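Here is the structure we will look at, set down as C-alpha cells.
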Amino acid sequence: MTPALLARLLGLARVGVGAGVWLAPRSSMAILGFDPDNAETMALGRLAGTRDLALGALAVATAGDPGRGAQMARVNALVDAADAVAFGGAVARREGIDRAGVMGAMSAAAASVFGLWLASRLEPTP
C-alpha cells in the first residue's frame, strides 16, 4: 500500500467520523463515549465533526501531491496531538468523560504518531 493511498484512507476515515456526527449524531456520540442527551456535548461534537470533515477532505485532496500531502498529514497530526492532550487533561481533571476521554486520548495519540510517520513517507524526494 502506497503512502498516498494510506493518506487517502486516513482522510476518508476522518471524513467518515465527521459525517457520522452530522448524519447520526446521537449514535455517533454514544459510540465515541459521550452522552448524547447533553446538548453542549452534541454542539461540541458537531464542531469537531465539521473540523474532521474539512481536514479529511483536504487530506484526500492533497494525498497525491507529495509536498502538500506531507504538509496536510503534519497538520492532521498536530490537530490529533492537541486532541490527545485535551482529552488527557479532561481525564486527569476528572471532568466526567472518563471513558470518552481515555478512548479519545488513545486514538488521537495513535493518529498523531501515524500522521507524522505518514508525513515522512509522503515527503517529496530531492
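The values are calculated or read from the model by the stated rules, or taken from the named source; none is laboratory data. Remember, predicted model here, so these are calculated numbers, not experimental data. Glycine gets a Cβ as well: all are built from the backbone with ideal geometry, and neighbour counts include every protein chain shown. Ligands, DNA and RNA are excluded from the accessible area calculation, which covers all protein heavy atoms including side chains. Shrake-Rupley method; radii C 1.70, N 1.55, O 1.52, S 1.80 Å.
Name the one entry in Thr62, Thr50, Thr2 that is polar (S, T, N, Q), open to solvent by 60 Å² or more (accessible area, probe 1.4 Å) and modelled with pLDDT of 95 or more.
Thr50
Does Gly69 count as open to solvent by less than 60 Å² (accessible area, probe 1.4 Å) and at pLDDT below 95?
For Gly69, the condition - open to solvent by less than 60 Å² (accessible area, probe 1.4 Å) and at pLDDT below 95 - is not met.
Out of all the residues in the range 28-37, is one or more more than 21 Å from Val102 (Cβ to Cβ) and either at pLDDT below 95 or in contact with a Cys (Cβ under 7 Å, 6 or more places away or on another chain) (or both)?
no
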